[in-house]
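Enquirer: Okay, handing you the structure first.
The values are calculated or read from the model by the stated rules, or taken from the named source; none is laboratory data. Just so it is clear, the structure is predicted and the values come from calculations on it, not from any experiment. Cβ placement follows ideal geometry from the backbone for every residue including glycine, while neighbour counts extend to all protein chains displayed. SASA here: full protein model, heavy atoms, side chains in, ligands and nucleic acids out. Shrake-Rupley method; radii C 1.70, N 1.55, O 1.52, S 1.80 Å.
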Amino acid sequence: MSLIFNGIDLTQYLRIKDIRKDVLPPVNNTLRVIPGRHGAIVTNSRLDVGQIEIDVRLKAASKEERNAIIRILAGWLYTPEPKQLILPDEEGLYYMAKLDGRTEIDRILTHGDTTLFFILPDPVAYGAGQSALFVNDIAELTVHGTAETKPRFRVTFTAAADEWKVVNQDGYFIRIEHDFQEGDNLEVNCITGGIYVNDARKIDALDWQHSIFFPLRVGANTLEIMPKNICNTQVFWIPRYY
């Protein structure tokens, strides 16, 4: 029954009493009222920040041991950025979490227990990373999970070309315009919007007027590379779960 945060098993010092988490974080809907009509229409919908609350009790035999452990925990739990949080009841999944300011670490000194509050900027759980190769410039993917996820592409050119383009089954595409030569490498990250040619950032090569950093939908996806027969391409993605 391990509770792992930022690669450290916290249960070596803490006993888990209870875990509470959102099955689905609060949904934030933007509504627009139209004069002369009843009700309103939804113009935008998004999930708010998720949260996980974990009640814990300190494993300590003396006051001196308690004081030493609390300093260790404070150093482990504070992170400038979200880190991996693995819960004991969700095998194979993890969250990207950050300790919230509501957590009273000092309460352990007086009561021996406290509640760890974690916030999830991206309110989903992640599975193990997946990848697939394009065969004859086509990749047929089955994406597991319950939420869309954005892909990342790695490309090695086997012939010269003045562009690289990947198109999904709905006609959305990403086009990179560049004087590619045989042996050049290209990386396109739809999560960050990063574009790199031979490890050098090349965001100006994106056809930004027409390209969309599209997500992979849950289930079947078909991706195609154009022009044909110019490169070897691999696509990477991480399943996401509400």
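Enquirer: So which residues in the stretch 120-151 are over 25 Å from E91 (Cβ atoms) and charged (D, E, K, R), if there are any at all?
Expert: Of everything in the stretch 120-151, those that are over 25 Å from E91 (Cβ atoms) and charged (D, E, K, R) turn out to be D137, E140.
Enquirer: In the stretch 93-115, what count of residues is obtained for those that are out of contact with any Lys or Arg (no Cβ under 8 Å at 6 or more places or on another chain), farther than 21 Å from D48 by Cα and open to solvent by 60 Å² or more (accessible area, probe 1.4 Å)?
Expert: Result for the stretch 93-115: 5.
Enquirer: Right, next: Could you tell me which residue of the stretch 83-92 is nearest to A128 (Cα to Cα), considering only residues that are open to solvent by 40 Å² or more (accessible area, probe 1.4 Å) and of a type in the set (D, E, K, R)?
Expert: Across the stretch 83-92, the extreme among qualifying residues is E91.
Enquirer: When P121 is evaluated against the numbered criteria (1) farther than 25 Å from V27 by Cβ; (2) open to solvent by 70 Å² or more (accessible area, probe 1.4 Å), which criterion, by number, is the only one it fails?
Expert: Condition (1) is where P121 drops out.
Enquirer: Test each condition in (1) touching a Cys at 6+ places or on another chain (Cβ under 7 Å); (2) open to solvent by 40 Å² or more (accessible area, probe 1.4 Å); (3) farther than 28 Å from G50 by Cβ for H178 and report the one that comes out false.
Expert: (1)
Enquirer: Continuing with this model, one more query. Among what's in the stretch 163-185 and is under 25 Å from the mean Cα position of the chain (by Cα) and in a strand (DSSP E or B), pick the residue that is farthest from H210 (Cα to Cα). Let's see the steps before the verdict.
Expert: Keep residues of the stretch 163-185 that are under 25 Å from the mean Cα position of the chain (by Cα), which gives 165-176, 185.
Now drop any that are not in a strand (DSSP E or B), which leaves 165-167, 173-176, 185.
Values: K165: 11, V166: 12, V167: 12, F173: 8, I174: 8, R175: 8, I176: 11, N185: 23 Å.
Restricting to residues being under 25 Å from the mean Cα position of the chain (by Cα) and in a strand (DSSP E or B), the top hit is N185.
Enquirer: Additional query: Which residues, counting only those in the stretch 35-81, are under 16 Å from N6 (Cα atoms), surrounded by 12 or more Cβ atoms within 10 Å (Cβ to Cβ) and without any contact (Cβ under 8 Å) to a residue 40 or more places away in the chain?
Expert: A74, Y78
Enquirer: Considering (1) within 23 Å of A125 (Cα to Cα); (2) in a loop (DSSP other than H, G, I, E, B), say which one F153 fails and leave the rest.
Expert: (2) is the only condition that F153 fails.
Enquirer: Take the stretch 108-146 and flag every residue that is outside any strand (DSSP E or B), over 17 Å from L10 (Cα atoms) and in contact with a Ser or Thr (Cβ under 7 Å, 6 or more places away or on another chain).
Expert: Within the stretch 108-146, just F134 meets the criteria.
Enquirer: Of everything in the stretch 144-174, what is touching a Lys or Arg at 6+ places or on another chain (Cβ under 8 Å) and surrounded by fewer than 18 Cβ atoms within 10 Å (Cβ to Cβ)? Give them in sequence order.
Expert: As a first pass, look at the stretch 144-174 and keep what is touching a Lys or Arg at 6+ places or on another chain (Cβ under 8 Å): 145-149, 163-165, 173-174.
Passing the criteria: T146, E148, E163, K165, F173.
Enquirer: A follow-up question, please. So Y94 passes all but one of these: (1) more than 16 Å from the chain's Cα centre (by Cα); (2) closer than 20 Å to T149 by Cβ. Which condition number does it fail?
Expert: (1)
Enquirer: Looking at N232, N221, can you tell me which residue is at negative phi and either in a loop (DSSP other than H, G, I, E, B) or over 22 Å from the mean Cα position of the chain (by Cα) (or both)? Break it down into steps so the answer makes sense when it comes.
Expert: Details: N221 fails: either in a loop (DSSP other than H, G, I, E, B) or over 22 Å from the mean Cα position of the chain (by Cα) (or both).
Result: N232 is the single residue among N232, N221 that is at negative phi and either in a loop (DSSP other than H, G, I, E, B) or over 22 Å from the mean Cα position of the chain (by Cα) (or both).
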